[in-house]
Amino acid sequence: MPPAWETIIGLETHVQLRTKSKMFCGCSTAFGAPPNTQVCPVCLGLPGALPAANGAAIGLAVRGALALGCTVHPKSVFARKNYFYPDLPKGYQISQFDQPLATSGTLSFLSAERGIVNATIVRLHIEEDAGKSIHDRFAKATAVDLNRSGVPLIEIVGGPDLRSPAEARAYLQLLKQLLEYIGISDCDMEKGSLRVDANVSVRRVGDTALNTRTEVKNINSFAFVEKALTVERDRQIALNESGGTVTQQTMLYDSKENSVRPQRSKEESHDYRYFPDPDLPPLVLTPEFVAEQQSELPELPGAKRDRFVATYGLSREHATVVTASRAVADYFETVAKTSAEPQHAANWVMTEALADAKDHNDELRVSPPALSQIIGLVKGGTLSHQAAKRVFAEVAAKGGDPRSVAESLGVIQVADTNIIAGWVTDVLAAHPTEVERYKKGETKLMPFFVGQLMRASKGKADPKLAQRVLEEKLAS
Ligand SMILES: [Zn+2]
């Protein structure tokens, strides 16, 4: 039975820019300082303090917009978004409203259900962060930490182009990858440097008009994106099927309960009374400035993946895995070049290297030259693949030169015909019955002899060479 309901999702993503200082003052943006130690009259909102826009933050925002294929406008305007909240000392947030920094971009991602989807980026604008309310520090009281007040953000508003919670996750993963690639944010959801709100609605399959949507907030970990949206989608479908209607409201996700609840109405404010900030001139960008930001962009993940397919002959799937992050892509490419074995390099990166990195804080612990050497030792017959994995693990844990490590582990393969011939003589002498049977035509005994020889050599014999010598001796 085809699904009766279609889900429509659009994401609004807030991304903290990687700057040393705040958006409109010189205070530090470092994470984890004691509360209210990184503040000044500007970000405390004291009367008479004047903001001045941070050029570095503007440059990073422009890079983000360019990487998303947006049109960057030569003139944009900072506006005041007015609302009352304890963690907002000025009573307004400086944002951009009717004249944002950039509009009309695209993010193409791979959907498991629909293939390549070109999701629209409606707009990208600059704003400042609010402070943080802390509810668990004092009994029956809320504390406010203003270290985060004024930290630079971009908000990336995606169109209603996503059709399932899984697509939302795929879109967000790709967006995160792109922003990390270009180095404008660390995109750490746990530290709050990447935050996502989702607009969700459902409609009967075949309908074209959009129904009333809700906004899901409080999705504070990557793992919860799909869960939170599934819960809200199912709630809306159940509501519709029982004859109810969805009302426009903000839903807060509770990850412990895996449920959503409406935000209390007094926490909501629909009229922000936006107006241009009289303390800040319009943001005017010269073509030279925009071109300079463009030149700072590295090769983007999609282009890199296509190049790896074309240059190194990798499959699209393999190229996608090794371009998952910029660090992994650079690592793969160095190993591919120095070993001249791109497919082997990709295999090692996708298995041993990434598995080891996963257990060690994403650190690629075996250097590219060391991995190239390991690949070379396997290719030259010095190490079996199994032994090479042991050497890799040892080099990862303790460092060192792979060949010396292999020697000290005693796993160097013996590819010397004379030594192997000695083992062959011993094995044949120890198994006269099997030799007899083999000579009478039972050639399926060969794996038995190879196995015995590997045992006699304590696993050090080059198995291919061993089989050749065995065949020669048994034929004579
Ligand atoms: Zn400040």
- Query: Does region 64-82 contain any residue that is in a loop (DSSP other than H, G, I, E, B), out of contact with any Lys or Arg (no Cβ under 7 Å at 6 or more places or on another chain) and within 16 Å of the ligand (Cβ to nearest atom)?
  - Reply: no
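Could you check how many residues of region 50-63 are crowded, with 18+ Cβ neighbours inside 10 Å and within 15 Å of the ligand (Cβ to nearest atom)? Talk me through it step by step, then tell me what you get.
Narrowing region 50-63 to residues crowded, with 18+ Cβ neighbours inside 10 Å: 51, 54, 57-63.
Narrowing further to those that are within 15 Å of the ligand (Cβ to nearest atom): 51, 54, 57.
Within region 50-63, residues that are crowded, with 18+ Cβ neighbours inside 10 Å and within 15 Å of the ligand (Cβ to nearest atom) number 3.
Name the residue, out of D98, D145, that is within 16 Å of the ligand (Cβ to nearest atom), farther than 30 Å from A319 by Cα, among the acidic types (D, E) and at pLDDT 95 or above. Lay out the reasoning, then the answer.
Details: D98 fails: within 16 Å of the ligand (Cβ to nearest atom).
None of the others qualify; the one that does is D145.
Given R316, R273, which one is among the basic types (K, R), assigned by TED's automatic domain parsing to the domain that holds Y83 and surrounded by fewer than 16 Cβ atoms within 10 Å (Cβ to Cβ)?
Working: R316 fails: assigned by TED's automatic domain parsing to the domain that holds Y83.
Answer to the check: R273.
Let's see how each residue does on (1) within 15 Å of the ligand (Cβ to nearest atom); (2) at positive phi; (3) surrounded by fewer than 17 Cβ atoms within 10 Å (Cβ to Cβ); (4) free of Cβ contacts under 8 Å to residues at least 40 places away in the same chain:
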residue	(1), (2), (3), (4)
T7	no, no, no, no
Q16	no, no, no, no
T29	yes, no, no, no
V39	yes, no, no, no
G48	yes, yes, yes, yes
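Consider region 197-232. How many of its residues are in a strand (DSSP E or B), among the hydrophobic types (A, V, I, L, M, F, W, C) and modelled with pLDDT under 95? Don't jump to the end; show me each part of the working.
Step one: of region 197-232, the residues in a strand (DSSP E or B) are 197-204, 214-219.
Subsequent filtering for residues that are among the hydrophobic types (A, V, I, L, M, F, W, C) retains 198, 200, 202, 216, 219.
In the following step, the residues that additionally are modelled with pLDDT under 95 were identified as 219.
Of the residues in that region, 1 qualify.
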- Message: Here is a list: V411, V469, V427. Which entry is buried (at least 16 other Cβ atoms within 10 Å of the Cβ), touching a residue at least 24 places away in the same chain (Cβ under 8 Å) and in contact with a Lys or Arg (Cβ under 8 Å, 6 or more places away or on another chain)?
- Response: V411
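Restricting to region 28-63, what's the tally of residues that are of a type in the set (V, I, T), within 30 Å of L178 (Cα to Cα) and either in a loop (DSSP other than H, G, I, E, B) or not assigned by TED's automatic domain parsing to the domain that holds K176 (or both)?
Looking only at region 28-63, we keep the residues that are of a type in the set (V, I, T), and these are 29, 37, 39, 42, 58, 62.
Pick out the ones that are also within 30 Å of L178 (Cα to Cα) and you get 29, 58, 62.
Subsequent filtering for residues that are either in a loop (DSSP other than H, G, I, E, B) or not assigned by TED's automatic domain parsing to the domain that holds K176 (or both) retains 29.
The total comes to 1.
Identify, from the list L172, L124, L110, L88, the residue that is of a type in the set (A, V, I, L, M, F, W, C) and within 16 Å of the ligand (Cβ to nearest atom).
Values: L172 fails: within 16 Å of the ligand (Cβ to nearest atom); L124 fails: within 16 Å of the ligand (Cβ to nearest atom); L110 fails: within 16 Å of the ligand (Cβ to nearest atom).
Going through L172, L124, L110, L88 in turn, the sole match is L88.
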- Message: So for region 331-348 (the condition being touching a residue at least 60 places away in the same chain (Cβ under 8 Å) and within 23 Å of K176 (Cβ to Cβ)), does at least one residue qualify?
- Response: no
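The values are calculated or read from the model by the stated rules, or taken from the named source; none is laboratory data. Keep in mind the model is a prediction, meaning the values are calculated, not measured. Positions of Cβ are backbone-derived with ideal geometry, glycine not excepted, and every protein chain shown enters the neighbour counts.
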